[in-house]
Amino acid sequence: MVYAAVGIPLMLVVINDIGGLLHVFFSRIYVRIVINIRYVLRYQLSLHLFSSYRFCN
């Protein structure tokens with residue numbers, strides 16, 4: 001009973017800390033993926049606009 005009184009709150013604190021670390025980790029990964037996707041789409045759009053401009057003139 002004493003172990004549960006100490007162990008359960010301690011476990012909740014540890015889970016909260018791990019959750020915070022995972023939140024930061026996955027947020028940074030998500031931001032990097034979104035930045036890379038936007039870069040690729042912008043690059044493809046600029047190539048498309050440049051190639052269509054060359055053929056129209």
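Numbers below:
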item	result
Per-residue Cβ neighbour rank within 10 angstrom, fewest leading, Tyr3, Tyr30	Tyr3, Tyr30
Cα long-axis angle, helix 2-56 against the chain (0 to 90 degrees, to the nearest 10)	0
Ellipticity estimate at 222 nm from DSSP helix runs (n ≥ 4, -39,500 (n - 2.57)) divided over the chain, nearest 500	-36500 deg cm²/dmol
For the chain, fraction of C-alpha pairs farther apart than 16 Å, in %	68
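Coordinate-derived values only; no laboratory data. Note that this is a predicted model, so its numbers are computed, not measured. Backbone-built Cβ (ideal geometry, glycine too); neighbour counts: all protein chains shown.
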